[in-house]
1. Relative to the longest principal Cα axis of the chain, at what angle does helix 94-110 sit, 0 to 90 degrees, rounded to 10?
2. Rg to Rh for the stretch 1-119: what is it, with Cα atoms only and Rh by Kirkwood?
3. If you line up the long axis of helix 54-66 against the longest principal axis of the chain, both from Cα atoms, how many degrees apart are they, to the nearest 10?
4. Give the order of 30, 369, 101 when sorted by the count of other beta carbons within 10 angstrom, beginning with the fewest.
5. Direction-averaged shadow area of the convex hull around the Cα atoms of the stretch 202-279, nm²?
6. Scan [x] 28.1; [y] 22.4; [z] 23.6 for the value of Kirkwood radius over Cα pairs in Å calculated from this model and give just the label.
7. On a full-extension model of 0.36 nm per residue, what is the gain between residue 269 and residue 211, subtracting their alpha-carbon distance, rounded to one decimal in nm?
8. Fully extended, how many nm does the chain gain between residue 324 and residue 369 (0.36 nm per residue separation, minus their Cα-Cα distance)?
């Protein structure tokens, strides 16, 4: 217990020092900093943990985003809206309240297509106790994976939800998964939120800017990615359920989700639609189809008036962010393999940079094995948006 307390104290102090290194974020004064450290030490000695103030929670969630080595959109970290739901898990109507809270998150983040980054932070983890609330879902909005149709990356979760009572109205490539919560690490019922609120998950039907046949492929994707299964850590305190969203970079949809052979694998159908020669890979039909799919994603999101980034603009913005931080004597850590897009990597600044991939451990987002996988003795799935 003493080692845990010492580690927690050191991570709390590291977090507060990191705040002081960002004077533009209005950190506590030197006097208040010293008194706050003393308060945290006393609270840890008395209870084994400590409670963040609202200001600490707000800056900490934003800093965790800034510290996320794999994210190319974190130059927007200061704009993150932080919602404090640390006490929502109490009370007899908790399931109704959490559904209302998460649907509000989705609607407010969508904002008529001008997507706003929001994080909803729920109760922290207490050492030796079950987590107060978590979720089975990888994202608040995601497509199911059945045996013959849908997203193969969702098949195990889909089987789990079917086993737990989900009765989908339909089974097709784009059936939206229901929600399931875990209270004190015990599963709740399955809630088919999207069957009840059919307008909640906004979707974009994909069209090509020049080829009208493309629409016949009936491809689409949801507008808002809200990650729901990562743990938020601030100054050593872990929040196991803190759903957060940004907006999509087009290649996440067009070069991975719909294109990967292990996902929707739509490049052969797109090549046929475009009349490409698929008899030999030396024709580079896969490359041509990939570019046209990504053009369709950007064109369709723009036509629908929904925020989406492209890898060239986001790459340039991230490079400007790195330059700005360097001017402030703050190094931006990064995972080169993730910061480079899966399309035209050498045409972006990230390809020509080296990054220190050291992970900040006191304040960051971390993967955690979903509770439903522990129930079914499954290992973690590959991580894809």
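Any read-out appearing in this document is the output of simple, stated calculations on the displayed coordinates, not a laboratory observation. Treat the numbers as computed from the prediction; the structure is a model and nothing was measured. Using ideal geometry, Cβ is built from the backbone for each residue, glycine included, and neighbour counts are taken over all protein chains shown.
1. Around 60 degrees separate the two axes.
2. Using Cα coordinates only, the ratio equals 1.02.
3. The two axes meet at around 40 degrees.
4. By the 10 Å Cβ count, ascending, the order reads 30, 369, 101.
5. Average of the hull's projected areas for the stretch 202-279 equals 7.2 nm².
6. Given [x] 28.1; [y] 22.4; [z] 23.6, the structure-derived one carries the label [y].
7. Full extension from residue 269 to residue 211 adds 19.5 nm.
8. So the chain would gain 12.6 nm between residue 324 and residue 369.
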